[in-house]
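These notes concern the structure reproduced below.
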Amino acid sequence: MSMKTPQGMKKGVLTNVWHIPKLSRNLFSVGRFTKDVGPVTFTKDGCYGEAKGTKWKIGAREGKGLFKLQMTPVAPEQANAAKSSGCQGGTKSYLWHLRLGHIGHDGLNCIVTKNIGIGIDISSVKKWDVCEGCALGKQTRVRFQSNTTARTSKLLEVIHSDVCGPMSMATFSGKRYFVTFIDDKSRYCVVYLLKSKSEVAAKFMEYAAMAETQTGKRVKYLQSDNGGEYKSDKLARFCAERGIQQRFTPPYTPQLNGVAERMNRTLVECARCMMEHAGLGKSYWGEAVMTAMFLRNRCPTRAIHQDKSPYQVWTMKKPILANLKVFGCHAYVQVPQDKRAKFDSKSSLCRFLGYAEHQKSYRFEEVSTGAIKISRDATFMEDKFDEGPRNYNDESSVVEFDDHDEDEEKEEGKTDDDMDSSDDDNEDTRSSKSNIKRHTRTQSLEKATVIQVPSERTYRGPSLEHVSAAAMDFEAAYIVDSVGETPTTFKSAMESSDSGKWKEACDSEFDSLQRNDTWEIVPLPKVARPSGADGFFV
């Protein structure tokens, strides 16, 4: 923010700011200011703030007894410039932080200093300031006590699994869940997107066949929670036929399935960060989760206790990182010669959505049509996204793969199996007539256009000179109404706009209680008085 002080106009940062998209006014908390900064004084001339012995005017008196803040948001370009001067976006370290799915500083430093990957073009890692995507996508909670169970010594000895979902928004192909399978020794993770939990058994069969073929070993144990999807007859028969023993955690103790639970959190946070940074809508979560899986398998983890990534422990080869790009960025993808006329454009504007399995290629979504393209010939613009450019210094590059690079194959033993999951789990097919809101600027990809972002933005604060009492009452009511409420009773949940989803969640929870035999009906003691029962909707 830019504000007027006795020393002239100064720039500052407001912290703990809440963004409410439907709120039509900016509100400034005097209580928070007095708690975190200093006292505030209101006079007939205006509103004054004080900090570190300096007093300055932060608001001018307006009509109807209101005070208008004398602060102006800094233009995005100026804000980015400020970030660069603070070692934010102007470094290669920050660019690799984005390319590796918003990896932490320690993880990136481990990759660089211990030479875990091939193709990193930085020799040291510099600190960066707060990353917007990480700030919006991650939240720290208190850790549970570390699991003291002995680690396995062989691949596929124990496979951890968990289902995450349902998501609030389905992917473009209707997927609402994903299931993870994590090898205990290597922590190598494979993800499958699901339309329903009933697909878990089929996906585990597919995973077991793939993993046993790649490693030459057999799965011994499958560890999961008590979810009904892991107790199906189909999965039980398969495990019995293959000699796989299933391990289940006790009811309501997800901590005992901590490996899979933590992996789900890691993947979701990574996906959320990448989507926030790229300005993509929630329907892209499937592409983001698959990309997060690909990247996390190639990043170091404390769980392994050695200077290797899960991919390296699983394949005995170092991962190649030179071809990584920032998720969601724009790219010009070459149109094949047989699909264009003589004077048609040789490339089309696309969004980068991840890495194509078994093809040494990238996955793109064409901006104008929404079609999915698999290509290795693209010019990337890693600072351009749907929501405007991210300013950090890096030139766009043309990706060129060599089909017959025998030296690379011999040196690294790299095969076409460099990707992690099946084509069925990527969002390959999308309806060109979908009316789902895919990103914040267009209702459908059929109507999407490349929007030129203005180089400067001007801010015009709301005028309060002629605000009527009725208008102020309306604004107060609008502020309260904008926040919304979570239903507190079953009746209110069934009357809400999301009644169908609440009903599905209630049925699922009730089935779980019945299945785990967590309650029983007993006679009411004579000295006892019955109390009401409340439902919790979160």
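Suppose we filter segment 174-193 for residues that are over 30 Å from LYS318 (Cα atoms) and touching a strand residue (DSSP E or B) at 6+ places or on another chain (Cβ under 8 Å); how many remain?
Filtering segment 174-193 down to residues over 30 Å from LYS318 (Cα atoms) leaves 174-177.
Within this subset, residues satisfying the condition of being touching a strand residue (DSSP E or B) at 6+ places or on another chain (Cβ under 8 Å) are 175-177.
Here the count works out to 3.
If you scan segment 276-329, which residues turn out to be out of contact with any Asp or Glu (no Cβ under 9 Å at 6 or more places or on another chain) and under 14 Å from PHE352 (Cβ atoms)?
ALA288, THR291, LEU295, ASN323, LEU324
Suppose we filter ASN226, ASN257 for residues that are assigned by TED's automatic domain parsing to the domain that holds PRO310, in a helix (DSSP H, G or I) and surrounded by 15 or more Cβ atoms within 10 Å (Cβ to Cβ); which single one remains? Break it down stepwise before answering.
Details: ASN226 fails: in a helix (DSSP H, G or I).
Within the list ASN226, ASN257, the selection yields ASN257.
Residues of segment 112-121 being part of a loop (DSSP other than H, G, I, E, B), out of contact with any Ser or Thr (no Cβ under 6 Å at 6 or more places or on another chain) and either at negative phi or surrounded by 14 or more Cβ atoms within 10 Å (Cβ to Cβ) (or both), which ones?
Initial filter on segment 112-121 (part of a loop (DSSP other than H, G, I, E, B)): 114-117, 119-121.
After this cut, where a residue has to be out of contact with any Ser or Thr (no Cβ under 6 Å at 6 or more places or on another chain) as well, the list is 114-115, 117, 119-121.
Passing the criteria: LYS114, GLY117, ILE120, ASP121.
Assuming LEU193 fulfils every condition listed in (1) in a strand (DSSP E or B); (2) farther than 26 Å from SER309 by Cβ; (3) touching a Gly at 6+ places or on another chain (Cβ under 7 Å); (4) not basic (Lys, Arg) apart from one, which condition is it?
For LEU193, the failing item is (2).
It is to be established whether one or more residues within segment 264-275 are in contact (Cβ under 8 Å) with a residue 40 or more places away in the chain and either hydroxyl-bearing (Ser, Thr, Tyr) or in a loop (DSSP other than H, G, I, E, B) (or both).
Among the residues of segment 264-275, not one is in contact (Cβ under 8 Å) with a residue 40 or more places away in the chain and either hydroxyl-bearing (Ser, Thr, Tyr) or in a loop (DSSP other than H, G, I, E, B) (or both), which makes the answer no.
So is PHE238 surrounded by fewer than 19 Cβ atoms within 10 Å (Cβ to Cβ), in a helix (DSSP H, G or I) and hydrophobic (A, V, I, L, M, F, W, C) or not?
Numbers: surrounded by fewer than 19 Cβ atoms within 10 Å (Cβ to Cβ): yes; in a helix (DSSP H, G or I): yes; hydrophobic (A, V, I, L, M, F, W, C): yes.
When the stated conditions are applied, PHE238 passes them.
Out of all the residues in segment 291-331, which are more than 25 Å from the chain's Cα centre (by Cα) and modelled with pLDDT under 90?
HIS305, GLN306, ASP307
Considering only residues that are farther than 16 Å from MET263 by Cβ and of a type in the set (D, E, K, R), which ones fall in segment 162-216?
Correct list: LYS175, ARG176, LYS195, LYS197, GLU199, GLU206, GLU212.
Based on this model, can you work out whether VAL219 counts as surrounded by 17 or more Cβ atoms within 10 Å (Cβ to Cβ), in contact (Cβ under 8 Å) with a residue 60 or more places away in the chain and in a strand (DSSP E or B)? Spell out the reasoning first.
Numbers: surrounded by 17 or more Cβ atoms within 10 Å (Cβ to Cβ): yes; in contact (Cβ under 8 Å) with a residue 60 or more places away in the chain: yes; in a strand (DSSP E or B): no.
No, not satisfied.
When you go through (1) crowded, with 20+ Cβ neighbours inside 10 Å; (2) at pLDDT 85 or above one by one for GLY104, which number turns out not to apply?
The single condition GLY104 does not satisfy is (1).
When only residues in segment 332-354 that are modelled with pLDDT under 90, of a type in the set (D, E, K, R) and not in a loop (DSSP other than H, G, I, E, B) count, which is farthest from LYS373 (Cα to Cα)?
It comes out as ASP338.
Answer yes or no: is there a residue in segment 40-50 that is touching a Pro at 6+ places or on another chain (Cβ under 8 Å) and at pLDDT 75 or above. Walk me through it before giving the result.
We begin by selecting, within segment 40-50, every residue touching a Pro at 6+ places or on another chain (Cβ under 8 Å); these are 49-50.
Narrowing the set further to residues that are at pLDDT 75 or above leaves 49-50.
Looking for residues that are touching a Pro at 6+ places or on another chain (Cβ under 8 Å) and at pLDDT 75 or above, one finds at least one in segment 40-50, hence yes.
Quick one: is SER186 part of a strand (DSSP E or B) and either touching a residue at least 24 places away in the same chain (Cβ under 8 Å) or hydroxyl-bearing (Ser, Thr, Tyr) (or both)?
Values: part of a strand (DSSP E or B): no; either touching a residue at least 24 places away in the same chain (Cβ under 8 Å) or hydroxyl-bearing (Ser, Thr, Tyr) (or both): yes.
Answer is no for this residue.
The values are calculated or read from the model by the stated rules, or taken from the named source; none is laboratory data. What you are looking at is a predicted structure, and each value in this text was computed from that prediction instead of being measured. Methodologically, a virtual Cβ is constructed for each residue, glycine included, from the backbone with ideal geometry; neighbour enumeration extends over all protein chains shown.
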